[in-house]
Amino acid sequence: MIQLLKKIFGSRESVDLKTLYQNGAVIVDVRTPGEFKSGHIKGAINVPLQNLHNQVSSLKKLNKPVITCCLSGGRSGAAKNFLRQQGLEVYNGGGWASLQAKIR
């Protein structure tokens, strides 16, 4: 029953993003270049959501967990789902500003 509810409503994974980041996870910001330019996490890679499919092999070559972020968490959630389907270890960091506060 719980699995069915998780499937219907989604599940919130509990992961320590700060530790994950400190251990080498890569932050992928899926906002537009303009949004990224207006502010972002230092060291984050900007791959707009619509271009993510072109960067899967590059991200796989890094051989590191990925933390996705965007403005509010919607696009980063979609990116997480897509990248997981491609076989990557990936976590949704949500909005970039709140993720920045979590990893400091």
So between residue 98 and residue 60, what do we pick up on full extension, going 0.36 nm a residue minus the alpha carbon distance? 11.1 nm
Pairwise label distance in nanometres, residue 89 with residue 51, each label 7 Å out on the Cα-Cβ vector: 2.7 nm
Across 60/102; 18/42; 37/60; 37/61, pairs whose alpha-carbon gap is larger than 22 Å: 60/102; 37/60; 37/61
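Taking all protein chains together and a probe of 1.4 Å, list 104, 84 from the most accessible to the least accessible. Write down the numbers at each step before the final one.
Details: 104 180, 84 100 Å².
Correct descending sequence by accessible area is 104, 84.
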About its Cα centre, region 45-104 carries a charge dipole, from +1 on Lys and Arg Cβ atoms and -1 on Asp and Glu Cβ atoms, whose size in debye to the nearest 20 is 100 debye
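Which value at 222 nm does the chain reach when only helices count, each DSSP H run of 4 or more adding -39,500 (n - 2.57), with the total divided by all residues and rounded to the nearest 500 deg cm²/dmol?
On the way: 6 runs with 46 residues, N = 104.
So the helix-based figure for the chain works out to -11500 deg cm²/dmol.
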Dimensions of the chain along principal axes (Cα, Å, largest first)? 44, 29, 26
State in Å² the accessible area per residue of the chain; use a 1.4 Å probe, count heavy atoms of protein chains only, and round to the nearest integer. 62 Å²
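So, with a 1.4 angstrom probe, what is the percent of accessible area on the chain that is carbon and sulfur?
Details: 3380 of 6470 Å².
Exposed carbon and sulfur together represent 52 percent of the surface.
The values are calculated or read from the model by the stated rules, or taken from the named source; none is laboratory data. Everything numeric in this text was worked out from a predicted model, so none of it was measured. Counting neighbours? That spans all protein chains shown, and the Cβs are built from the backbone with ideal geometry, glycine included. These accessible areas exclude ligands, DNA and RNA; they are computed on the full protein's heavy atoms, side chains included. Shrake-Rupley method; radii C 1.70, N 1.55, O 1.52, S 1.80 Å.
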